[in-house]
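Heads up, the thing below is written out as structure tokens.
The values are calculated or read from the model by the stated rules, or taken from the named source; none is laboratory data. Since the model is a prediction, treat every value here as computed from it, not as a measurement. Every residue, glycine among them, receives a Cβ derived from its backbone with ideal geometry; neighbour counts consider all protein chains shown. Protein only, heavy atoms only, side chains kept; ligands, DNA and RNA dropped before computing areas. Shrake-Rupley method; radii C 1.70, N 1.55, O 1.52, S 1.80 Å.
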Amino acid sequence: MGEDRELIEMFIEETRERLELIEPALVELERAETPAEKERLLNEVFRHLHSTKGSAGYLNLSDLVALVHAAEHLADVLRKGAPVQPDHVDLLLQTVSQTRAYLAHLAGQGEPPSGLGTLTERLQRAATVATEHPIASTTSESQTGSTGQASQVDGEGRGEESRTADAELTSSTVRVPVHVLDRLGRLAEEMLVTRNRITALAANLQDGELVGASKKLSVMVSELQDIAALTRLQPISSLFAQMPRVVRDAARVAGKEVDLVIDGGRLEVDRRILQELRDPLVHLLRNAVDHGIESPERRIAFGKPSRGRITLRASREGSNLVIEVSDDGKGIDYEAVRQKAVERGFVSAREAATLTEAELNALLLRPGFSTRDQATELSGRGVGLDVVAVRMQELGGNLSISSVPGQGTTIRLVVPTSVSVMNTLVFTARGYLLGIPYNVVQEIVLITDRQIEHYGEQDVFRLRDQLVPLFTLSSWPERDDGGKRQTGKHYVLVLRGEGTLAGLLCDGIARFEELIVKPVGNLLRGVESVSGLATLGTGEIVLILEPDKILAEAGLAMARIQTEQMQIGLVHEHHAAEDDLGERLVLLKGYTEHRYALPVRLVSRIVRFTPEELAIFGERVYYRTEEALIPLIDLDRALKMGAGGMESGGIAVLLRADNFECGFVASQVVRIGRVGVEPEPSDRHGVAGLLNLSDGVYLMVDVPTVVHGELRRLYEVKQEARSVRGKKALIVEDSVFYRDALEAVLKRVGYDVSAVGSVEEALVFLARVPDVALIISDYMLPGKSGLDLIQAVRAGETAVRSDVPIVILSQLLSDQASGPELQRRLLAAGANAVFGKFDDLEQSELLEEFRHLVVHDEESHPDGPEQQAAEDETVHVLAVNLGPEVYGVPIDRVREITTLDGVTPTPLEDAGFLGLANIRGEIVPVFDLGGVLRRPVRTNGEAVDVVTLTSLGPMVLRGESIRGTIRVPVSELREPTGNLGALAELVPSVATLPDCLLQVVELEKLASVCLGRRG
């Protein structure tokens, strides 16, 4: 229902805009004097009615479709030459009024309009009369009929119009592009930073008038911040509406019966928060189905209903959004958690025995922790609740777990409804400027070295007779040589969590401040304890710490301290580790007695399938997903060990290589792990070795040999078929509703999509973008038609190839009367394919037709336009000096050249990484170009900073000086000589110039080395 409502709201807004264009056109039509002017106005009215009918048909609004279709037909008759009468204009204007009343009803602003059917019939009669008697208006008979019709309009029609006038649709919204709202939000954030700076200056100058003005400015900026935040709000129902499908699919895979109950969908949340919450919610719901809800048989045995129940609830606590995912399943088996924690080396057996439920819940959030031994499609792949916890930390929120064995589990997510502003305590430690959310700071104390106690490797201090673990940033490199610290004295921030206290040592307290906290992104992703970045009014950058990490470690530290206090003097037992010999394997059982082994590193996922999920074509069997058909190989048959049995269902171990996915099929997964034995040799084709294990002999599958033997022909076909991924497609469609829907479909399968609303815009686009691979256009468009577009492209009037594939999608093609003739004209003009816009054509069939055109067109033109013009191309670079060497950075990726005032240090010590810089409110990473390239550079102390734009975000490259801009013909570029190792990817080409060797930097590769590794 949430998605349907969104579509209806889009339809209301778009149709309202169309009606606002139709109405003045009709009024102008009555005053039009020349046939050309009348034809132009009638074409415009017809086009808008045509688009409105199509959108209404998409939403199955049958009564409105009938009305608009009748009006469209009348407009079509009139534009083809029938004389326009005032009665015709009256009928069309009444159609506008009735449509507005219908939209008001859809928007909940009025009752359903009456008389739609009557008006539809009158429109049909008028069209029939105009068609059969095109000059009837000049005869006495037509005058009589016209008079009768006019009286009908005056009597019945005017009455209907007056009744619908009160239901006139009022629009309380204005369409604003998302990027405009984002810009407004960023400006509001920058103003907040500037306000803080002005407030500090006013306080320092002690000017009463300036202080008063700064206070007034502070109030205004806060109000602007609130308004900007409101523009980003969306109902959480738009996210919750996607979850029933998730639960349904997960329950089907797990063979369980589950109902999802949703509560609180009306709450509004920052859309950036909604985008970040989707994946965690999907994970939690799947987890609840797989781990929490029991099978129907077990539920009945325990006296529960056979259908499980999961509740997804949203509520508000203060300024925070609270989302709870609750199930009525079996709850958490804490003894199993203890056992797994010991088995996987997270804690010792003695520590595990003393852990409380809260501490065991904290273990569930540790990376790599899972209670499953075997991987399934839903769980057990070492990706646990930690991914959800990390996402909550990135959003400035937290996650908590409560569970009652036998009754169920509740996972509670708390996140701010907006990610913009945080009350922050700013402090210094080890030379870093740091911040921490003020709401977790219980108090600040000053202690001496004598107050610090030692338990093993853990330092603690006593706060009112309570032991509090102490934490430092000792793993971070020192940035100030410790010169500013007080000898023997330490500030401690006492952080408060759920039942836990932790102390964070720091050098000094700077201030309390309201800061705009931005996500870390790729900048410091490798530093677990940093969750965000903020800038002060002075331009300094603050690293925002994640308190939950510190508090979680504090809980485990206290458990260790308590164990040490109880067991002091005892020697810990030594537990021999399991034999780690060999790599991890997936052990499978075939449909007979034979067993097989596959390396885990080749496995992308494991799914259980039923016969209904298979597609069988002769000997080839596929596993059907929403995205693709995946070919399956029955291991029993492939290795000639039996007849197999995958047609009856089983387990598919899916593998992926070179973008080709296939699956090995067996009856069940025995287990996943290391086996501790070396394989014996085997001379059987397709078998790499034999594993003699306690439960039988396993055949090590020679994966490349079996895949090549079974799927060779299919693999070759896949390799030969050119992918559409990245191919540019242009949509020419004036209906925003239909254009957005088609754009989303094409993007989902990999096209690089652009969209325009008219032929004129399309011609401008095609004049500057030569590598468009597919054009999809409507026929009826404002101004020129789709036929004009075909003729322009085929005549070579654009920069694209004149034979580029063109597809026409038009509702007119579905018309039995005019459709065939229009189809003939379009194909004769050069259209490659034509389809009715709302014909009974499967989306997959349409996409396959597009793919077929693009692939075959590419095969017939192996040299694209960019390759044909390569001889004339040049590379334009900014030349940067690094000692005696010169490096070229693509000039189109250079945003600006500057000299930074300062760089904020961070704990990372990657090669060449200098820190972070604040460039007009934007936090940008700074890299020494020579350090990244590992070049021995002799510098004279001078530096220049080049701000570049990459797909991973802006990045500053620091060099010695700027040599200038240089254009180098592509033909003069060559590969560098010598063994450059990894540097060859970063500097793939060089050019010999009269005074230097120019080394051209591959900026995207450089960015992936500098920023990508933090992802």
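At-a-glance table
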item: Accessible area in the full protein assembly, largest first, 1.4 Å probe, for Leu986, Leu973; result: Leu973, Leu986
item: Ranked by how many other beta carbons lie within 10 Å on average, peptides 889-895, 97-103, 321-327, 678-684 from highest; result: 97-103, 321-327, 889-895, 678-684
item: Out-of-range pairs (alpha-carbon distance over 18 Å; input Lys340/Lys589; Lys727/Lys747; Lys53/Lys784; Lys256/Lys304; Lys256/Lys330; Lys38/Lys837); result: Lys340/Lys589; Lys53/Lys784; Lys38/Lys837
item: Relative packing of peptides 209-221, 328-340 - highest average C-beta neighbours within 10 Å first; result: 328-340, 209-221
item: Inter-site label distance for Ser818 and Met220 at 7 Å from Cα along Cβ, in nm; result: 5.7 nm
item: Gain in span if fully extended, Val745 to Ala36, counting 0.36 nm per residue against the direct Cα distance; result: 251.4 nm
item: Förster-model FRET efficiency, 60 Å R0, Arg794 and Ala336, C-beta, rounded to 0.05; result: 0.30
item: Probe 1.4 Å - accessible area at Thr610, Å² to nearest ten; result: 50 Å²
item: Reachable lysines from Lys518, criterion Cα separation under 24 angstrom, eight or more residues apart if same chain; result: Lys549
item: Rounded to the nearest 10 Å², the accessible area of Ile923 at probe 1.4 Å; result: 20 Å²
item: Estimated distance in nm for a label pair at Ala213 and Arg895, the labels positioned 7 Å out from Cα along Cα-to-Cβ; result: 3.1 nm
item: Two-site FRET efficiency, Val180 against Arg496, from Cβ-Cβ distance with R₀ of 35 Å, rounded to 0.05; result: 0.30
item: At R0 = 30 Å, FRET efficiency that the Cβ-Cβ distance of Glu132 and Asp63 yields, to 0.05; result: 0.65
item: Accessible surface ranking that places the most exposed of Lys837, Lys728 first, with a 1.4 angstrom probe; result: Lys728, Lys837
item: Protection-proxy order for peptides 400-410, 876-886, each taking the mean of Cβ atoms within 10 Å per residue, highest first; result: 876-886, 400-410
item: Rounded accessible area per residue of the range 734-790, 1.4 Å, Å²; result: 36 Å²
item: Exposure rank, largest accessible area first [Met955, Met422; 1.4 Å]; result: Met422, Met955
item: Area accessible to solvent at His105, 1.4 Å probe radius, in Å²; result: 70 Å²
item: Pair Arg344, Ser474: separation of 7 Å Cα→Cβ label points (nm); result: 2.7 nm
